[in-house]
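Peer 1: The structure follows.
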Amino acid sequence: TVAATEGIPRALQEKMESFSGYSHHEATGGDTPVNHSHFVVRIQRKVYHILSRVANAGKDYSGRTNKIAHHLALTSAETQRFPGGPASLFADDKFWITEWEDDPQELPPNRLPVGACSASDNFETWDYVFRDKGWAGVPAGIVAGDMRPVSIIVPSTAHNLDLLSEAMLLVPPEQRWEICFATYFLRQ
């Protein structure tokens, strides 16, 4: 860990570090997927919503593959500030750290992304990828019905977050923070 928020509980930091996995062998050619994920965890009787952005970071000085992971933990009370749900927080490109060259440091508390519903409400990504925007309702309908797991296999990882963001528009706002997801599936 090269940076962490000042005063973060050690158990929470360790749990977030456990979500830092990245499988390089599956990232072939120019397609190096970014894993955007949201998990709900309980640590010492407190519930946290952990959002993670984990990506390929090229090769290190020795030629080995490298990754960069940026995690955000929110309490259930803090999630109320973001009615767009967890996917909406990944739209803030200025918040998520994508490279690190600095010395280790502590980050200031209360540094949060700007939640934005930048998803297309005409489901143009679903139409582009699957040639039918009606498919956006399938994962949303399943999740809203009984919260069972849903997997969507896409031809390219380039649109994963857009597909997720658009599908989330069909989930009632009060249920969006109940949905756990990963845009690049890895075994945890």
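Peer 1: On the given criteria, is residue 66 farther than 20 Å from residue 93 by Cβ and in contact with a Gly (Cβ under 9 Å, 6 or more places away or on another chain)?
Peer 2: Judged against the criteria, residue 66 is a match.
Peer 1: I would also like to ask the following. Answer with yes or no whether residue 73 is of a type in the set (A, V, I, L, M) and within 15 Å of the chain's Cα centre (by Cα).
Peer 2: Here the answer is yes, as residue 73 does meet what is asked.
Peer 1: Could you please give the count of residues in the range 54-68 that are open to solvent by less than 40 Å² (accessible area, probe 1.4 Å) and modelled with pLDDT of 85 or more?
Peer 2: 3
Peer 1: Now for a different question. Could you identify the single residue in 77, 91, 136, 119 that is touching an Asp or Glu at 6+ places or on another chain (Cβ under 6 Å) and modelled with pLDDT of 85 or more?
Peer 2: Answer to the selection: 136.
Peer 1: Based on this model, can you work out whether residue 41 counts as closer than 17 Å to residue 18 by Cα and within 15 Å of the chain's Cα centre (by Cα)?
Peer 2: On the way: closer than 17 Å to residue 18 by Cα: yes; within 15 Å of the chain's Cα centre (by Cα): yes.
Judged against the criteria, residue 41 is a match.
Peer 1: Restricting to the range 58-90, what's the tally of residues that are among the β-branched types (Val, Ile, Thr) and more than 14 Å from residue 112 (Cα to Cα)? Reasoning before the result, please.
Peer 2: Quick first cut of the range 58-90, residues among the β-branched types (Val, Ile, Thr) only: 65, 68, 75, 79.
Restricting the remaining residues to those that are more than 14 Å from residue 112 (Cα to Cα) gives 65, 68.
So the count comes out to 2.
The values are calculated or read from the model by the stated rules, or taken from the named source; none is laboratory data. Just so it is clear, the structure is predicted and the values come from calculations on it, not from any experiment. All Cβ positions, even for glycine, are placed from backbone atoms using ideal geometry, and neighbour counts span all protein chains on display. Areas reflect the complete protein model, heavy atoms only, side chains present, ligands, DNA and RNA absent. Shrake-Rupley method; radii C 1.70, N 1.55, O 1.52, S 1.80 Å.
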